[in-house]
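Below is one structure, written out as structure tokens; comments come after it.
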Amino acid sequence: QVQLVESGGGLVQAGDSLRLSCTPSGRTLVNYGLGWFRRSPGKEREFVATIDRSGSNTYYADSVKGRFTISRDSAKNTVYLQMNSLKPEDTAVYYCAANRYGGTWSTLGNSHFWGQGTQVTVSS
């Protein structure tokens, strides 16, 4: 069983930046696709960004394209989400996810492992 542990959430003002990190415990995820999803208050969990196992291919939701950057460091077995120009509508619990087939993806059903989530709150 893979356990994903997120960190880096917090309370920031609109326009600020945050970097989220996710590290698995118990095993390496070098062959997995990794990504981030979020759930805003009153909404369903939604896709944010994913990255394939090589780190060469990324996929973003339109709502974050140009502001968020996903990356991975295989040596550290960690995936990051750099979030710039944050907006109040980015307020959500952000979840790390892993896909055992190694590619990018955007659906909840193709997320095989999940973290517990980290809260990001953006004030106006």
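The values are calculated or read from the model by the stated rules, or taken from the named source; none is laboratory data. The shown structure was predicted, so the numbers you read here are calculated from the model rather than taken from an experiment. Note that we place each Cβ from the backbone using ideal geometry, even for glycine, and neighbour counts take in every protein chain shown. Surface areas here come from the heavy atoms of the whole protein model, side chains and all, with no ligands, DNA or RNA. Shrake-Rupley method; radii C 1.70, N 1.55, O 1.52, S 1.80 Å.
Looking at (1) closer than 23 Å to residue 1 by Cβ; (2) buried (at least 22 other Cβ atoms within 10 Å of the Cβ), which one does residue 100 not meet, given that it meets all the others?
(2)
Taking only pairs six or more apart or across chains, which ones have beta-carbon atoms under 6 Å, a first residue in the stretch 113-124 that is part of a loop (DSSP other than H, G, I, E, B), and a second residue that is modelled with pLDDT of 95 or more and open to solvent by 20 Å² or more (accessible area, probe 1.4 Å)?
Qualifying pairs under 6 Å: 117/93; 124/14; 124/88.
Give me a count of the residues in the stretch 103-112 that are part of a loop (DSSP other than H, G, I, E, B) and either modelled with pLDDT of 95 or more or surrounded by fewer than 17 Cβ atoms within 10 Å (Cβ to Cβ) (or both).
Looking only at that region, the number is 6.
Which one of 77, 84 is open to solvent by 10 Å² or more (accessible area, probe 1.4 Å), at pLDDT below 95 and either touching a strand residue (DSSP E or B) at 6+ places or on another chain (Cβ under 7 Å) or closer than 16 Å to residue 18 by Cβ (or both)?
77
Suppose we keep only residues that are modelled with pLDDT under 95 and in a strand (DSSP E or B) within the stretch 24-44. Which one would you say is least open to solvent (accessible area, probe 1.4 Å)?
Per the criteria, the residue is 24.
Against the condition touching a strand residue (DSSP E or B) at 6+ places or on another chain (Cβ under 8 Å), open to solvent by 40 Å² or more (accessible area, probe 1.4 Å) and assigned to a loop (DSSP other than H, G, I, E, B), how does residue 53 come out, does it pass?
yes
Would you point out which residue out of 59, 94 is of a type outside the set (Gly, Ala, Ser) and either surrounded by fewer than 18 Cβ atoms within 10 Å (Cβ to Cβ) or within 22 Å of residue 10 (Cβ to Cβ) (or both)?
The match here is 94.
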